[in-house]
Each structure stands twice: as structure tokens, then as C-alpha cells.
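All remarks here apply to the structure that follows.
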Ligand code: PLP
């Protein structure tokens, strides 16, 4: 039975989203930037999508720029956000950020921007004392993710934004894993820049958005055709943008229902695993987490072996190790929480969505425990 529990990697596109996109692959193939009505009429569809995305995060439509996804939004926020207001060169981010932020930060450090890295507590939550220490009068931008992709731990970004603002820095959040799963409000949380990505909440891949607070001036980051008020040039990915808008509209409507459903199923999965797999540990159990994410350490059993065997049974999950397939490095997210390399290599991430069913959870609870037991017997580690 195919069981897809890897929704933090990507989600299934909602059929309603596909329906909304289809006309733009067929009859409505015009270029929204054209002079003639056949093309230019499509700007209306783009503006509807902009409104739908804005509504999901409490923004004004004029504050939304469409991008190719989370990675582009993160790169842009960091490259162009540092010191956009103040001219201050310093960047502060956390050790558990997605590589789209962390590697960009490393690149910027090489280019001469002083970089401060904020530690996390053993729960996986950002250590606010460490944040206070890293933010200096020289800091131009603070970037802290809203929710972690591996652990699902939700960060106190409102407080983080306050610390940034007190020091005269801008605040960016990578909300790629949070948007569509939990409420996010840019005004309430004091966010200056926010990244989101459609494929994490039942929209298409290759499209996302960057929220840029009204009044904040960033330099144009793609030069050419003057689309997106000259900020991000390039012919509109109209089908993608319409799909993102529809996914945002649906997420706004179903967010509470989906959270209720996934948290019920997650609780069932976690308690079943803890009961049937002695020695299993839920990562970040003491922290506030996304309603859809659980990373479990099956101590004594290497995750690679588990992944291979459950894949044969049609179960799709992922290990806690670095995103790139084939990487055997332990997850830096887990080791930065104080988890040993040996234990980090036993991590499996389960991430659910509104399409996850009771039957799928039952199936995992039927298939997984005997696999763990079998592997434990031949494991070189002891529990
Ligand atoms: N940020 C986080 C927290 C993510 O989980 C991901 C994707 O896994 C990204 C950024 C990158 O987003 P995209 O796949 O849209 O480039």
C-alpha cells in the first residue's frame, strides 16, 4: 500500500489547484506583459493570486513578489535584505536553518558580511539568550525560520523580530514549512521579509513568494523585463502563480481542519511507535511543533536500513539527514540539539498532510515495528 508521509519534502497538489491552473496551459497561453488584450487580460488572474497569498499571511497584495520558490525567496531576502534600510552589514541566523538560508549566509560571510550563528536548545527551539548575544549594533538582518523542516519545532519569531528591531536590524523568516500549516501573520509577528513556497501546501512546484513589508526598499533582484514592479523581471509563470494563489486560498479556508486532522493522526502515529518500538524517542517532544511533523530516533537502528526496508512496503518517509539524497552525514539540525551522531543517524521523519488517512497510519504501525525489531537484532549498536 503506497503511504506518503513525506509532506515536508513536498505535498500532493490539490485537484482544485490543478483545475485552476489548466486553462493557462491551454487556451489562456498569452503573456500577461503583452499589449494586446489576449495577454494583458491575464494580469487580473495574477492580481487575484497576489491577493490570495497576501490574505493567507495578513499582508497587503502590494507586499507580495512572486518567485520560483522558497530557495529564491530566501536567497533574495538575505542578499538584498541585509542593511537594506540601515546599510549595516551584519547577518544573524540560526544553526538549524534550511540550507537555502544557511549556505547563503555562509556565502555572504565569505563576501565580507559578519555572521552570527544562534544556537538552539535541546528541544530544537532557538535559544533566545544566544540570539540576544549574536545581535549587535552592526547587525543589518536577522533571519530565523518560523518552523523547522526536520523537527517541526516552531520558533518564537515575534520575540526574535523584537530583538532584531531593537538593534535597528530587519527581520526575515523562512516560513516555508509553516505557511499553510499554522497561522502566520506578518503584521502581528513584526516580520519585514518572509519566504513561502507553494509545493509545501498542495500547490505546484517551482513557484513561491517573498513578502516585503510596505515601505521597505530592496534593490531590484532580477533585471530585464520590469515585471513585479521592476523588482523581479522575467515572463510570468502564470499557471504556477494561479496555482499558488488557489493553494493559498484553500489553505486559508482549511488550515484549522487540516491541523486538527494531522495532529490527531500524528498523535496516533507517535503513541503507536512509542508503544511498539521500545527505545524510540520523539525529537523536540517538549517544544511546540507543527501539527504534521514527527522525527523519531529509533536508537540502535540506522535510518538508512529502515528507509530501504519500509520503501519496499511502499512507505515514503525520509531520514533526518541532510536534504540531499545519498548524503550519509548526520543531520546538523539534530546534532546541534545535542543529539549524538550515532543517534542522529537513526532518525526518521514522518510528515503528514490533509490527504493522510487513518489507514495509512495503521499500515505504518503494522509494517514498521517488526522491521525495527528485526534490524535491532542484527544492529552493531546496543539500545
Ligand atoms: N526553506 C525550508 C524550511 C524548506 O523546508 C525548504 C524546502 O524543503 C526550502 C526553504 C526551499 O524551498 P523550495 O523547495 O521551494 O526551493
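The values are calculated or read from the model by the stated rules, or taken from the named source; none is laboratory data. Everything numeric in this text was worked out from a predicted model, so none of it was measured. For neighbour counting, all protein chains shown are included, and Cβ atoms are generated from backbone atoms with ideal geometry for every residue, glycine included.
For this structure, a couple of remarks:
- Note on the stretch 1-42: among residues that are modelled with pLDDT under 95 and outside any loop (DSSP other than H, G, I, E, B), the one that is surrounded by the fewest Cβ atoms within 10 Å (Cβ to Cβ) is 37.
- Residue in the stretch 333-355 that is over 24 Å from residue 119 (Cβ atoms) and in a helix (DSSP H, G or I) present: no
- Verdict on residue 59 being surrounded by 16 or more Cβ atoms within 10 Å (Cβ to Cβ), outside any loop (DSSP other than H, G, I, E, B) and away from the ligand (no atom under 16 Å from the Cβ): no
- Screening 210, 218 for residues that are touching a helix residue (DSSP H, G or I) at 6+ places or on another chain (Cβ under 7 Å) and at pLDDT below 95 leaves exactly one candidate, 218.
- Subset of the stretch 104-135 that is assigned to a loop (DSSP other than H, G, I, E, B) and within 16 Å of the ligand (Cβ to nearest atom) - its residue that is surrounded by the fewest Cβ atoms within 10 Å (Cβ to Cβ): 125
- Looking only at the stretch 74-89, and only at residues there that are in a helix (DSSP H, G or I) and out of contact with any helix residue (DSSP H, G or I) (no Cβ under 8 Å at 6 or more places or on another chain), the one that is surrounded by the fewest Cβ atoms within 10 Å (Cβ to Cβ): 80
- Residue within the stretch 31-50 that is assigned by TED's automatic domain parsing to the domain that holds residue 221, closer than 30 Å to residue 113 by Cβ, within 23 Å of the chain's Cα centre (by Cα) and more than 16 Å from the ligand (Cβ to nearest atom) present: no
- When each of 194, 141 is tested for being closer than 24 Å to residue 84 by Cβ, assigned by TED's automatic domain parsing to the domain that holds residue 121, part of a strand (DSSP E or B) and under 17 Å from the mean Cα position of the chain (by Cα), the lone residue that passes is 194.
- Matching entry among 96, 101 (being under 26 Å from residue 201 (Cα atoms), within 16 Å of the ligand (Cβ to nearest atom) and in a loop (DSSP other than H, G, I, E, B)): 96
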